Amino acid sequence: MDIVESVLNLAVQNPAEEDFSAADLTWTKFGTAERHDEVALIPYDRVDAFIIGECSSPECPTRFHIERGRKRARGTLKDYKTDEYLEYKLYWCSFGPENYGEGGGVLPSRKYRLNTRNRAARPQSMRGCTCHFVVKRLYARPSLALIIYNERRHVNKSGFVCHGPLDRDAIGPGAKKIPYICNEIQQQTMSMIYLGIPEENVLEKHIEGIQRYCGSNAKVDSLASQYVHKLGMIIKRSTHELDLDDQASIRMWVERNKKSIFFYQDSSESDAFILGIQTEWQLQQMIRFGHRSLIAADSTFGIKRLKYPLCTLLVFDSRQHALPVAWIITRSSAKPDVAKWMKALLGRASSVEPGWKISGFLIDDAAAEIDPIRDIFGCPVLFSLWRVRRSWLRNIVKRCGNIEVQREIFKRLGEIVYSIWGGVNTLSALEELTHDFVDQIAFIHYFKASWVPKIEMWLSTMRALPLASQEASGAIEAYHVKLKAKLFDDSHLGALQRVDWLVHKLTTELHSSYWLDRYADESDSFQNVKEEYIASTSWHRALQIPNSSVTVDDKDHLFAKVSSQKDSNVTRIVWNPGSEFAFCDCAWSLQGNLCKHVIKVNMICENREGYQPSMSFQAFKELLTILWKKPMDDSVGLDLSTAWAHQMLDQIKQLVELDSSKNIGTVVNNMPLKWVSKKGRTSIGIPSSILALPSSCKSGSNNAVARKKSQKRKRMSRLR
């Protein structure tokens with residue numbers, strides 16, 4: 001676009017419409033090459049029609065107010081330029097002043113906040129909009145007006161839409177009349193919309209929540225209906241692409257969502273891209289369920305399909321379901337990079353709860369760096385078998401057509417894993433496996449290429465670290481399956497290489513799904529959601545199968561049968577019972593998942609003779625055996641080991657009692673009495689008798705009474 005240096009070279013535009021906007025005009029650059037503005041020349045008597053058209057924009061409906069104005073009388077200027085003004089007015093969007101979002105700010109003409117009535121003083125209307133333009137009535141040609149548009153977009157200083165239907169945080173012009181909407185109600189409404197629940201049902205639940213604060217009111221219901229409808233429009237129109245360039249889009253998202261980010265490092269020649277996401281609700285759940293408990297990692301998700309792999313940190317909630325509390329998007333697994341985001345995550349939790357500490361960290365990747373975990377979190381590291389088991393079973397079913405061959409290969413692989421404590425030569429066992437199943441060309445080729453080079457690393461990790469239980473493995477796998485269903489939907493295949501799309505899916509649909517699950521369970525509402533949430537793990541589904549439905553082959557220990565609860569004619573067969581590598585013929589198991597039939601059969605077998613214990617129990621037993629063997633001599637080291645063993649035993653007993661008890665009061669009553677030497681003595685439990693206070697306490701109480709009397713006299717003297 002060429003730059004025009006004189007107003008005389010501008011064409012006068014007079015659109016035929018009754019009201020028109022900036023989109024109906026042709027804008028020209030006016031000024032010099034160093035400094036110029038976009039301008040348009042219109043008849044002065046059409047200025048009001050232009051302002052009305054700008055206020056009626058469907059994307060950002062608003063009003064413009066005169067922020068600054070000047071006037072001149074005719075004849076006051078002897079020499080003047082072609083763009084000198086007779087009247088000058090600066091129009092600013094009414095969603096603009098006082099608060100720019102980050103740090104605050106004021107309009108150019110404001111040195112302090114004005115409590116005037118010509119503009120709404122509600123916080124909802126102070127959105128930080130920078131849209132403004134100038135109208136000059138020309139001194140030389142009073143019948144014409146020069147419009148100078150400084151900022152045509154309704155955005156804040158960060159470049160984000162800050163009001164209107166495209167602004168996801170907008171409340172609307174009726175915000176003053178809308179009843180109180182707490183974060184819980186707003187999050188509930190947003191979660192239901194994100195999950196695709198019909199608007200009628202969303203509105204019903206929304207009104208129920210509002211009526212807890214303001215009662216039933218027809219006007220309130222009408223405004224609530226508008227709120228839900230508008231919120232639905234905002235969510236439907238929201239997009240992950242804040243910019244066509246993915247990297248720029250992520251920078252904009254980071255700038256806008258600083259409260260939901262605990263670590264961010266942009267990619268450069270020396271640094272890898274790292275984005276750590278944790279919402280405020282996730283932080284609360286991590287502090288609540290992670291303290292003195294376990295954190296698990298579902299690492300390297302989407303390593304082949306996503307632009308950057310996704311690592312999820314999980315805690316186990318009150319039902320021992322895996323709950324995502326942080327997402328880390330990065331390709332780097334180097335020790336310095338892992339240490340960076342782990343320190344940031346721990347620092348964020350400690351800033352809210354100074355004494356926050358975890359008891360263990362579960363990993364599922366043998367190549368994961370465990371030194372940062374031990375150094376930063378200061379806790380033991382456990383290993384979960386779920387990823388190995390799932391990968392092997394999926395590829396066996398995919399590449400071997402005969403079900404008998406499938407279960408036999410899976411059994412043999414399980415025997416190799418179980419032999420980590422038996423001193424079996426791994427290479428010999430693998431050679432025997434490949435020799436016996438040499439006709440299974442597809443699977444043997446896959447196994448040699450993908451697992452043989454690194455299987456020793458995986459087995460040594462299993463041997464060196466304690467192993468996680470089937471319940472924990474099943475919970476992690478349930479999260480992994482849900483994440484995969486959310487992200488790898490056929491409609492999203494074209495966006496998998498964009499990080500902003502991944503961030504959008506995580507922080508909207510997936511976050512809303514887990515928030516609603518927890519809310520439904522704790523508030524005993526949304527019964528369908530609650531029932532699906534409870535039954536979302538194979539462990540909980542296994543608990544619903546009665547023992548009478550399981551028939552075990554006690555003679556040869558080859559298989560077990562599980563009768564279906566829905567259809568008595570259907571029976572599932574579980575081969576290699578009692579093992580983590582048991583093989584079931586149900587559809588869920590054939591997809592590579594740990595099914596409820598395998599878990600239920602293993603629950604039955606662990607109490608029967610002739611079946612080997614679970615790998616997690618064997619790892620625990622091996623740990624106790626090592627502890628028992630050291631030290632061999634009758635030394636002080638033996639006393640220290642004994643003290644540690646007793647301390648650990650007491651903690652395990654308390655944990656088991658607390659976990660198995662249905663009445664917390666019974667546990668509290670059984671706790672020992674403990675006196676604390678502070679101002680007043682407190683106890684854990686119920687003291688058997690009321691002890692007399694010592695003399696020091698009596699004198700202290702007398703002094704307190706004297707102080708109260710003195711304060712009362714002072715107040716009375718002030719009243720006089």
Give, as a single signed number, the net charge of other residues whose beta carbon lies under 13 Å from the beta carbon of Cys311, with Lys and Arg counted +1 and Asp and Glu -1.
-3
Over 20 Å between Cα atoms: which of Lys258/Lys304; Lys259/Lys357; Lys258/Lys530; Lys307/Lys486; Lys259/Lys484; Lys398/Lys484 fall into that group?
Lys258/Lys304; Lys259/Lys357; Lys258/Lys530; Lys259/Lys484
Using each residue's phi in segment 318-328, evaluate 6.51 cos²θ - 1.76 cosθ + 1.60 at θ = phi - 60° and report the 3J(HN,Hα) Karplus result to the nearest Hz, with x for Gly and Pro.
5, 9, 6, 8, 6, 10, x, 10, 6, 10, 10
Find how much the distance from Asn201 to Asp243 grows on full extension, using 0.36 nm per residue of separation minus their present alpha carbon separation; answer in nm with one decimal.
11.7 nm
Got a sec? Charge dipole of segment 203-303, +1 on Cβ for Lys and Arg, -1 for Asp and Glu; which of Val220, Ile234, Leu294 is way out at the positive end?
Val220
Given a 1.4 Å probe and every protein chain left where it sits, what share in percent of the accessible area of segment 359-501 is carbon and sulfur?
52
Amide hydrogen neighbours beyond the local backbone of Phe95, cut-off 5 Å, H modeled:
Arg63
In terms of Cα to Cα distance under 14 Å, which aspartates and glutamates are near enough to Lys205, apart from those fewer than 8 places away along the same chain?
Glu184, Asp221, Asp524
Hey, what do the phi angles of segment 610-624 turn into as Karplus ³J(HN,Hα) couplings, whole Hz, using 6.51/-1.76/1.60 and θ = phi - 60°, x for Gly and Pro?
x, 10, 6, x, 5, 5, 5, 5, 5, 5, 5, 5, 5, 5, 5
Take peptides 433-446, 286-299 and line them up by average Cβ neighbours within 10 Å, highest first, as a rough protection proxy.
286-299, 433-446
3J(HN,Hα) from dihedral phi, segment 31-44, Karplus parametrisation 6.51/-1.76/1.60, rounded to Hz, x for glycine, proline
x, 10, 5, 7, 9, 8, 10, 8, 10, 8, 10, 9, x, 5
For Lys448 and Glu404, extending 7 Å from Cα along the Cα-Cβ vector and measuring point to point gives, in nm, a value of 2.6
Nearest 20 debye, what's the magnitude of the dipole of segment 473-531 about its Cα centre given +1 on Lys and Arg Cβ and -1 on Asp and Glu Cβ?
240
Once you place label points 7 Å from the Cα toward the Cβ at Ser428 and Lys78, how far apart are they in nm?
11.4
Can you grab the distance from the C-alpha centre of segment 49-67 to the C-alpha centre of segment 247-301, Å, no decimals?
39
Cross-link partners of Lys71 among aspartates and glutamates (Cα-Cα below 20 Å; sequence separation of 8 or more within a chain)
Asp45, Asp48, Asp79, Asp83, Glu84, Glu87
Kindly rank 262-274, 38-50 from highest to lowest mean number of other beta carbons found within 10 Å of each residue.
38-50, 262-274
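The values are calculated or read from the model by the stated rules, or taken from the named source; none is laboratory data. Just so it is clear, the structure is predicted and the values come from calculations on it, not from any experiment. No Cβ is skipped: glycine too gets one built from the backbone with ideal geometry, and neighbour counts run over all protein chains shown. We work out accessible area using only protein heavy atoms, side chains counted, and drop any ligands, DNA or RNA first. Shrake-Rupley method; radii C 1.70, N 1.55, O 1.52, S 1.80 Å.
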